[in-house]
Every structure is written in structure tokens, then in C-alpha cells.
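For reference, the structure is listed below as C-alpha cells.
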Amino acid sequence: MRGASAATGGQSELISLDAGELARRIHAREVSSVEVTRAHLERIEAVDGAGGGDGVHAFLHVDAEGALAAAEAVDRAVAEGGPVSPLAGVPVAVKDNMTTLDMPTTCGSAILDGWRPPYDATVVARLRAAGLVPLGKTNLDEFAMGSSTENSAFGTTRNPWDLARIPGGSGGGSSAAVAAGEAPLALGSDTGGSIRQPGAVTGTVGVKPTYGTVSRFGLVAFSSSLDQIGPCARSVLDAALLHEVIGGHDPRDQTSVDGPLPPVVEAALAGARGDLAGVRVGIVTEFSGEGYQPGVLAAFTDAVRVLGELGADVVEVACPSFSYALPAYYLIAPSEASSNLARFDAMRYGLRVGDDGSQSTDEVMSQTREKGFGAEVKRRIMIGTHALSAGSYDALYGKALKARTLIVRDFTAAFETCDVLVSPTTPTTAFPIGERTDDPLAMYLADLCTIPSNLAGNAALSVPCGLAADDQLPVGMQIMAPALADDRAYRVAAAYETARASASDAGPRIPELRALEGSR
Ligand code: GLN
């Protein structure tokens, strides 16, 4: 069993197993969902720490009672011999920008501290309906703006592979929870890379599905034309299994695609069994060279070599307009955010400052937003408001939309000659906590390779491709596929993952974290 030999530091073996294997054991009554859930709650207790202390701090909220009750319900259904869905009984963590009826939803922001939503996001409702067991809510950069989780109002999450380093962002909590064995599965949201980049730097799988194929209903909006919920997991098949639970049409999301979901589980299974004969893989030439860590490029090049050995036809493809992706994104995303975040007006949700009867509504609103939003969120609101203002609209927002069109055209042309495109997921491995907090531009560069797929709306995932030789930290390979061809990316990723797992240098799948366990 892959993963069974991973270090678990005296913890239950259950925390290192794939979700698919856990489900199999639960459904065969070899282990109960309650035991599996307990093992993960104990792992959280051992390594997560409270409130940003010494631990991984992947979670902002853990609902042990709710999780155990959900697990008991699945155990009862299994005992009664009723049909259960493929992941029933498996624990899952949810990024704290998706609404949950029984848990707070903060978006990592002081302005929503303690807010309890009156409804479940569609994805959360689908998790529950499929018998998955929500463990709690994970940390993120405030309103999902950032690449390190350092913008959370509730403390930084730390990378389980090196606690002095960032776990990526904005969904660092979800990926770190999966990497540390605190949850076998998690949900993330990806507006510019926030599932894939944390996946890459924590050595886990992260998928941004085709835009519109997973409901955004109940996802607190950051940039509505880019936001996409997707799965975080430790294997490609696990990500596919979760993808099929959350995906599919939702009448409550007006941008939801009304059509069948690409067959991602079937593709992951086929990829793991088969080769890649005849699959045309294009390496994006723009994503290498200056600014790319040598150890990242070496691991990526080696991964491409494996794809070639599996039978893929590997070519280089130029996507010249991808160089506009970062500047276009940093106009479009803040523009949409400035509009979306107007709803935090001190009247409807969470924090309210200065409401003593002596001040006007405008004053209360202004003081609440001043106190409740962090620096990065304010920066984006100001940039977005400026980009949309009458005098700048054409020169800034309008130009960015034109660049977006050029990027879409580059993808269309590239997918005429290639089935999938590949690149490193992120130019460097996890950087030290604090290194980029004073330099927003350096922080933004972490998403250089992931942003084009958000702008175009196509599918993209990150699959671990070993450790960088220069710092022994995880590297991710990004695999991009056309819109509604997510299954292609899964097939290539699963074939690669299977080939890599049999390589001698595959390494442990869960870091030991003995120092944390010993300190408790
Ligand atoms: N890091 C990017 C940003 O700060 C992407 C965030 C995301 O995907 N949510 O906007």
C-alpha cells in the first residue's frame, strides 16, 4: 500500500492512507468512519497548534463533535447495508471562504470574525449529501488574496515540510492540512493559482477545474470571472473522486455549465493503468529561464522526461501573450474584488465599528472597513476602484480585457497542436515566512504560471514531481487542458504519478513533524 510506510510519528496509520483506500476499508467494515475521523482529529490536535502558535495552523475552526456525528451516521448506513457513495465516511477540510451552516466563515478576515452563515455552499451541501465528514475550516489569505497565507488576520499557516516556510496561498491551510495528514482531502478555491501553488509547495495534488463546472454558490466572491472551487488531495485519483462529488451543474450559480462533467475518475484510473502513447504534450517556453529556481526547473525537466518515456510526444510551444497574464490579472481581479467587497458595509455582516449613535452610516462604514480589512485587501480595493474609474477604464481595465482575449487565443492555438500543456506550477519552492511580505510584486510572481488558466477558464492541475535538489522542498508540475477536457489533465497526471511512485527516490508522502508531536 502506497503511503503505508510513510512516517506517521506514532500516529495512526490511517492518516497516511489515500481517501479511496479509506473509503474502501470503511465500506468493507474493516475500520469505522468514526475511527478514521478520530485519527484525523488526533493528528490535528498533535500538530496543528492553536491560534498560530508553533503548529502547522492549517485550521481556523475544528468541529470535532459535528465530524464524529457525521461519521457515526455513515457507519450506521454501512452497517444497515444501504448504498453509500464512493467517498462516504472520509474526512474533508473546507477552505474558510465557503459558507457552512454549522461553522463560522471568516475568509481569514477580521471583518467577518465570528460570522455564521445561514446556509451551506453548494459544494459543502454536496460533501454532506455524499457522506463525507467535514472536519473544519482552513486558513487562507484574507479573502483569498495572497500566495502565502501570511495575509490571514488569524496568523500564518506553516509548511509541514519546513515549518519556517510558507505553505503557499491563498489556500495554504487546505494544502497544508492534506500534506500534514490532518485531512486526506480538502476543498480550495483558485482565482489565480490558490489551489495549484499551495499544492506545488506542499507536495500535494491541487486541481482548478474548468470555470463553471463546480458551483460558486456560497463561495465568498473575490473575482467572480476567475474564482473556481476545486479539490486538494495526496493522489490524483483522490482529487478526481472529490471532483466528481462537488462538480456538476447548479441552478443557483448563473455561470454554472449545464452539461456533463468530464469523466475525471475514469481518466485517473485509465492514466494509472496505461501509458501516454500518442498524447501530445506542449512545454510552454515562456515559463522558464530567469526567475526560475534551478532545482525547480531540474525537477520539472525530469518530469517531462518521464512523460516522454511513457510515450507522450513532447514539443515546445510558444504562448507569447502569457507575459501579459500577470499585469492583466492584477487589474481584472482587483477590479472585480473592489465591487464584490462593497457588500462588507458594516450593516449586513460581522464587524461594526463606531455605531454609538453619534455617527453617520458613512462614518460607521468607513471606520469598519478601515479596521476590518487588512493591507493587501485595501490595496486591491484601491487599485480596482481606480482601474474602473471613468478616466482610467479604457486605459487599464479595458486593456486588461484585451490582454485576456490574447491569452485565450494563445491557448486555443496551442491546443490545436497539443492535448495538454505543461510548466512548473510555480517558479520557486516554498519561500521563508516573512521573505516577501514587504514586496507585493515578488509575492505576485508566485502565480506567474498559474494565472493564464484562470484568465482563459480552462482546466489545470498541479501534481508533485519530487523535491528540488537545491533545497529538498516539493516541486509541482502544472498540467493544463482545454476547457471541459479536465479528464486529459487527470490522465496525464495519473500516468506520471504512477511512474514516479515506482521510482526509487519517491520519498515519504507525509512529513514526520516529530518536533511538534514531541512538544505536546
Ligand atoms: N495569489 C493570487 C492573488 O493573490 C491568487 C489568489 C487566488 O487564487 N485566490 O490574487
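The values are calculated or read from the model by the stated rules, or taken from the named source; none is laboratory data. None of the values given here were measured: they were computed from a predicted structure. No Cβ is skipped: glycine too gets one built from the backbone with ideal geometry, and neighbour counts run over all protein chains shown. Each accessible area value is taken on the protein alone, full model and side chains, heavy atoms only, with ligands, DNA and RNA left out. Shrake-Rupley method; radii C 1.70, N 1.55, O 1.52, S 1.80 Å.
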In region 259-304, the residues that are within 12 Å of residue 495 (Cα to Cα) and acidic (Asp, Glu): 275
Among (1) in contact (Cβ under 8 Å) with a residue 24 or more places away in the chain; (2) open to solvent by 20 Å² or more (accessible area, probe 1.4 Å) - the single one residue 242 does not satisfy: (2)
First in region 293-314 and buried (at least 23 other Cβ atoms within 10 Å of the Cβ), second anywhere and assigned to a loop (DSSP other than H, G, I, E, B), Cβ under 7 Å, 6 or more apart: 296/427; 296/428; 296/429; 296/468; 299/468; 307/276; 312/276; 312/279
Contacts under 6 angstrom Cβ, first residue in region 175-193 being within 16 Å of the ligand (Cβ to nearest atom), partner part of a loop (DSSP other than H, G, I, E, B) and hydrophobic (A, V, I, L, M, F, W, C), 6 or more apart: 176/56; 176/58; 188/195; 191/222; 191/226
Residue 483 being within 16 Å of the ligand (Cβ to nearest atom) and within 24 Å of residue 333 (Cα to Cα): no
Test: residue in region 376-384 that is open to solvent by 10 Å² or more (accessible area, probe 1.4 Å) and not in a helix (DSSP H, G or I): no
Qualifying residue in region 324-332 (condition: open to solvent by less than 20 Å² (accessible area, probe 1.4 Å), touching a helix residue (DSSP H, G or I) at 6+ places or on another chain (Cβ under 7 Å), farther than 30 Å from residue 384 by Cβ and hydrophobic (A, V, I, L, M, F, W, C)): no
Filtered residues of region 212-222 (kept if crowded, with 24+ Cβ neighbours inside 10 Å and either modelled with pLDDT under 95 or within 16 Å of the ligand (Cβ to nearest atom) (or both)): 214, 216, 219, 220, 222
Residues of region 148-178 classified as open to solvent by 30 Å² or more (accessible area, probe 1.4 Å), in contact with an Asp or Glu (Cβ under 9 Å, 6 or more places away or on another chain) and among the aliphatic types (A, V, I, L, M), total: 2
Residue list for region 56-103, filter: open to solvent by 20 Å² or more (accessible area, probe 1.4 Å), in a loop (DSSP other than H, G, I, E, B) and touching a strand residue (DSSP E or B) at 6+ places or on another chain (Cβ under 6 Å): 63
Among residues of region 353-374, those that are in contact (Cβ under 8 Å) with a residue 24 or more places away in the chain and either closer than 22 Å to residue 333 by Cα or open to solvent by less than 60 Å² (accessible area, probe 1.4 Å) (or both), counted: 5
Residue 236 being open to solvent by less than 10 Å² (accessible area, probe 1.4 Å), touching a residue at least 60 places away in the same chain (Cβ under 8 Å) and either on the phi > 0 side of the Ramachandran plot or within 16 Å of the ligand (Cβ to nearest atom) (or both): no
In region 338-352, the residues that are touching a residue at least 12 places away in the same chain (Cβ under 8 Å) and of a type in the set (A, V, I, L, M, F, W, C): 341, 344, 346, 347, 351
Selected residue (criterion: most open to solvent (accessible area, probe 1.4 Å)) from residues of region 410-430 that are assigned to a helix (DSSP H, G or I) and in contact with a helix residue (DSSP H, G or I) (Cβ under 9 Å, 6 or more places away or on another chain): 412
Residue match in region 121-136 (condition: in a helix (DSSP H, G or I), among the hydroxyl-bearing types (Ser, Thr, Tyr), within 27 Å of residue 264 (Cβ to Cβ) and open to solvent by less than 30 Å² (accessible area, probe 1.4 Å)): yes
